[in-house]
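Accompanying notes for the structure given below.
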Amino acid sequence: MNVQVEPAKLKAKDFASDQEVRWCPGCGDYAILKAVQMALANMGAEPDNTVFVSGIGCAARFPYYMATYGFHTIHGRAPAVASGVKLANPDLDVWIVSGDGDSLSIGGNHLLHVLRRNMDVQFLLFNNEIYGLTKGQYSPTSRVGQKSPSTPQGSVDAPVDACTFALGCNARFVARGIDIQAKDLGHVFTRARDHKGASFVEIIQNCIVFNDDAFAHFTEKSVAKETQIHVAHGEKLIYGAESNKGLRIKPGSFELEAVTIGENGITEDDILVHDETNKVLASLLVAMKPPSMPVALGVIYCDPAPSYEQAVKDQVEAAKAKGLGDMDTLLRSGSTWTVS
Amino acid sequence: MNLQTDPSKGDGADGVQMSEADTDSIVVRFAGDSGDGVQLLGGQFAQATALDHNSLATFPDFPAEIRAPIGTTYGVSAFQIKFGSRMIKTSGDSPDVLVALNPAALKVNYKDLRTGGLIILDAGSFTERNLKKAGFDVDPREDGTLGGHRTIEIDISSLTLEATKPFDVTQKEALRGKNMWTLGLIYWMYDRSTDATEKFVAGKFGADSAVAQANIAALKAGHAYGETAEVSGDIQQTRVAEVEFAPGEYRLVTGAEALSWGLVAGCQLAGIDMTFCSYPITPSSPILHILSRLKNFGVTTFQAEDEIAAACSAIGASYAGNMGITASSGPGIALKTEAIGLAISTELPLVIVNTQRAGPSTGLPTKTEQSDLFLSVWGRNGDAPMVVLSAKSPSDCFETGIEAVRLATKYMTPVFLLSDGYIANAAEPWLIPSLSDYKPFPVSYRSEAEGFQPFSRDDETLARPWVKPGTPGLTHRIGGIEKADGSGNISYDPENHQRMTDLRTNKIAGIAKDIPAQAVELGNEGGKLAVVGWGSTFGPINRAVANMRDAGLDVAHIHIRNLWPLPENLIDLLGKFENVLVAEMNNGQMLTFLRSQTRQDIDGHLKVTGQPLTIKEVEDAIRARVQN
Ligand SMILES: Cc1ncc(C[n+]2csc(CCOP(=O)(O)OP(=O)(O)O)c2C)c(N)n1
Ligand code: SF4
Ligand SMILES: [Mg+2]
């Protein structure tokens, strides 16, 4: 049982299980796995108290590779299973790992509800804009025109933006990262874990086999600085190789505008300061797309509210405080009569 | 004694065989518009009947629409009660008395009345408009439609208005007292006290409120109406003798109540907290409502976003070490099947309560049926065995609820617990048990790290260890992919899959040793005919077999509670009968199931009308197969 000795600080590899990782060589999932293991080690997380729950898909194999408790469930339903875990034991640190198909197609309903209820879990959505495990069909996040085995002429349905969806579900924490940016991911994971309530993290993930370079137009080193903006609460929304680009409200409109400091009379004072508690700003930020706008990364929205399982537990405790239930009394409640 | 006895009473078939509709029991059906408060009326009458120490069984039968257009036949709500001075096993075949609060209620119900039965109707509601709405071209009181019955017309509507005049209530509120007026009259007819109902009304509306006073005035007026013989000898007062109940404390209990309490009791005996996850659906919802008020028993209830989430969150709760339970009906159960497969594969405890209703698809949401046997035993992808239990009566739901928790936790398996719409809503007197009557079955979680393997097995039960996440040193991963025997790691090995399939099968099959042997409810262990039933058909089959045995026929009643695994001796037992007849409320599921298990030539009496089996039809089915 719990022996009271100062635990030796764990390393990333202490969070790796003994199972051979079976993603395709070069898959973005490897980098995310490493980033999660590293972040957990840095946060001082306890493997014994950590649970990874997943649905089905390449991404969903994740729990098998973690030296924590893990439950690989069924397609789309991880948020529901995780909700049960959290309701039964709110003290557990529960992480959900899911793909874009798993969480926005078959499991869209459960994602909606775990977010709006504000269950205290971390939801990691690995978005590769494709169904990896079933060999490359287009997904709900694939852009119009995506060619795939099921859409040989290109897909015709409009995609959903994961973070916009999450905000629409009233998620109180929305962040975005890129598989290969381990350090930034680590920061986001730490914030997500610290946030009490549902934390939604979209991770841009490259599927090297079925959708290679789908995000190259903003993840490639050569363009990254000009196409990504890493937001930080209280800091100016500035980006660009020379840190001379920024976001402002386009005068006379409700839109964001990418501007260059020093051009057209724009000064640093014109640039917006990031306020992660501002939902309107968050919804504008998550919707930005290259080439006209940079992709927003980091903690875009964080505005805590009471978490669901805590409120449920409070009700149970309040009921218990009024007197523990007694079965024999319960069975005799209401009208009874005695035969002698 | 029933003073109202009419010698022509009985099952009418040949005038000799008395069905349960005989002198020591009475069947009354109340029927009215769904806004008329018929269910409340029936519930109150049942309480008063129980307090007078009569045995009873009830059958609430309501429409799927909450408030169908007033006066229509599809908006008719009914409540039937059978009570008597001997043990009552069903809510009765055909009513002796029908109380119809409007023409539509008469239209829907008069054909069920026994020949020579009594109809009491609210004449005030028999307007031309209401007659038309009910689909009567001619007033049935005038064209001989009701011939063969005695009819008493009372203008209940205006008598109620009259009685409630002194109180400050609107006309609409006053008319709602119609059910109370009627209840008062019926109380007088069966010599029951109005006290309990007066208390109930005062408690519900506040003793000083005008609504309460108006309702009580209506109740008393109905009672006085009977007393002052304004009915001019048409209705006589009847006193039904007390039943010789075994000593002890009793209450009325519905299946939904007993089932909810049984599950809580099961968790107490197991020493674990319950996480109950469900999505509203008729007729399952009352369980969610009842359990949500029992938080002080360590019960957490979760209204999930759908039935899939309900099943999955219950599995998550079990994984975390609680007793995960989910409940639904009809289409909701269909939605849970994939998740149940996950619980089978990961070998986690789970109880799935199925309050069956008529299907397929939406079917008849408020009507009863037992047509989910195949779904329960066989309805999953892959070879996916699990335990299936069924409850036979409202009070039996308590025992079955406990047993479901016991088997789920002891064997680390999902358990289907089948109830149905009839059992869930019906009430019966119940000799209240004490928790100390039951042997505790405390669960144990694995905490020993040394030698731990997630899929090692107990030698005796073949159950795998239950480990709560959070336990130091026991981190492991489970999932729906095939697991290597022992280690639980993903395994695609062909022989391993065969071995794991066999293990899962044998684990469930072995439970047959841990359940009671199949008994014969009535009759001998062999003979000419066994009538086999399961679930809520227990009452009518049992009474029918008893009656036929009294008439000298060689017939036995076998009631199967454990649907999977079957009791070890069942197949041999059935083989000892020349003929086996399955009587069930579906199109032949137990019939097909038993044929497949026994290879015996079994016969069926099958009915899917959304109504319970009647004693008479089972008697007829028996007579068609055995003679003296
Ligand atoms: C009920 C059900 N339907 C379909 C499947 C097949 N299936 C498995 S994974 C998957 C899509 C996975 O895509 P995504 O969630 O994006 O994960 P990825 O593989 O891309 O990481 C599908 C359709 C399944 N396992 N279960
Ligand atoms: S198919 Fe794509 S997402 Fe799946 S493991 Fe391979 S590279 Fe990764
Ligand atoms: Mg994907």
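Below, the figures for the structure above:
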item	result
Residue-wise HN-Hα coupling along the range A:224-241, computed from phi with Karplus coefficients 6.51, -1.76, 1.60 (Hz; x: Gly, Pro)	3, 4, 8, 10, 10, 10, 9, 8, 9, 4, x, 10, 4, 7, 10, 8, x, 3
Residue range of chain B that is longest and free of chymotrypsin sites (Phe, Trp or Tyr not before Pro) which are both DSSP loop and sparsely packed (at most 13 other C-beta within 10 Å)	B:1-444
Spatially proximal aspartates and glutamates relative to A:K322 (Cα-Cα < 19 Å; intrachain offsets below 8 disregarded)	A:D314, B:D273
Charge dipole magnitude, Cβ of K and R +1, D and E -1 - the protein assembly as shown, Cα centre, debye nearest 20	800
Calculated log₁₀ intensity ratio I(q)/I(0) where the Debye formula runs over C-alpha points of chain A, q = 0.06, 0.08, 0.10 Å⁻¹	-0.25, -0.43, -0.63
The range B:400-472 - Rg and Dmax from Cα coordinates, angstrom	17.2, 52
Alpha-carbon centroid distance for the pair the range B:177-233 / the range A:247-275, whole angstrom	77
Scaled radius of gyration (Cα, divided by 2.2 N^0.38 Å) that the range B:164-312 gives	1.47
Cross-link reach list, aspartates and glutamates versus B:K507, counting only Cα pairs under 16 Å and skipping chain neighbours closer than eight places	B:E347, B:D383, B:D458, B:D459, B:E460, B:D485, B:E568
Loop-located GluC sites (Glu not before Pro) in the range B:162-253 whose Cβ has at most 16 other Cβ within 10 Å (DSSP)	B:E230, B:E242, B:E244
Within the range B:531-606, GluC sites (Glu not before Pro) in DSSP loop having at most 16 other beta-carbon neighbours inside 10 Å	B:E568
On Cα atoms only, tilt of B:38-51 relative to the major axis of chain B in degrees	80
Mean separation of Cα contacts under 8 Å (6+ apart) over length of chain B, as relative contact order %	11
Neighbouring partner chain Cβ atoms per residue of B:247-256, average, 10 Å criterion	3
Helix A:308-321 vs. chain A, principal-axis angle (Cα, 0 to 90°, nearest 10)	20
Extension gain (nm, one decimal) between B:R446 and B:A246, 0.36 nm per residue minus Cα-Cα	67.6 nm
Evaluated over the range A:148-299, the Cα radius of gyration and Dmax, each in Å	16.3, 51
Alpha-carbon centroid distance for the pair the range B:327-368 / the range B:108-171, whole angstrom	41
Long-range amide H partners of B:K528 with built H, under 5 Å	B:E578
Amide H contacts of A:I96 (H built 1.01 Å from N, under 5 Å, at least 5 apart or other chain)	A:V53, A:Q122, A:F123, A:L124
The protein assembly as shown: C-alpha gyration tensor shape, a/c 1.5 cut-off, then a/b vs b/c	prolate
In order through the range A:84-94: 3J(HN,Hα) via Karplus (6.51 cos²θ - 1.76 cosθ + 1.60), integer Hz, x for Gly, Pro	x, 4, 5, 5, 6, 9, x, 6, 6, 8, 10
5 angstrom amide H check on B:V388, placed H, neighbours 5+ away	B:F416, B:L563, B:W564
Loop-located trypsin sites (Lys or Arg not before Pro) in the range A:6-93, at most 16 other Cβ atoms within 10 Å (DSSP)	A:K9, A:K11, A:R22
The range B:337-429, relative contact order [Cα under 8 Å, separation at least 6], %	40
Kirkwood-Stokes translational diffusion coefficient of the range A:1-142, alpha-carbon pairs, 25 °C, 0.890 mPa s, µm²/s	158
Karplus 3J(HN,Hα) series, Hz, for the range B:426-440 with 6.51 cos²θ - 1.76 cosθ + 1.60 (x for Gly, Pro)	6, 10, 8, x, 9, 6, 5, x, 10, 4, 6, 6, 10, 7, x
Residue-averaged 222 nm ellipticity for chain B, from DSSP H runs of 4+ at -39500 (n - 2.57), nearest 500	-10500 deg cm²/dmol
Unsatisfied cross-links (Cα-Cα over 18 Å) in the set B:K410/B:K483; A:K86/A:K313; B:K89/B:K576; A:K34/A:K183; A:K320/B:K439; A:K11/A:K86	B:K410/B:K483; B:K89/B:K576; A:K320/B:K439; A:K11/A:K86
Too-long pairs where the Cα-Cα distance tops 20 Å, listed order kept, from B:K178/B:K204; B:K107/B:K133; B:K82/B:K178; B:K172/B:K204; A:K221/A:K245; B:K367/B:K607	B:K82/B:K178
Degrees separating the helix B:307-319 axis from the principal Cα axis of chain B, which is the longest one	50
Candidate aspartates and glutamates for bridging to A:K9, where Cα separation is under 13 Å - those fewer than 8 sequence places away on the same chain excluded	A:E46
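Readers should treat all values here as calculations from the given coordinates under stated rules, not as data from a laboratory. Quick caveat, the model's predicted, so the values are computed rather than measured. Cβ coordinates were reconstructed from backbone atoms using ideal geometry, including for glycine residues, and neighbour counts include every protein chain displayed.
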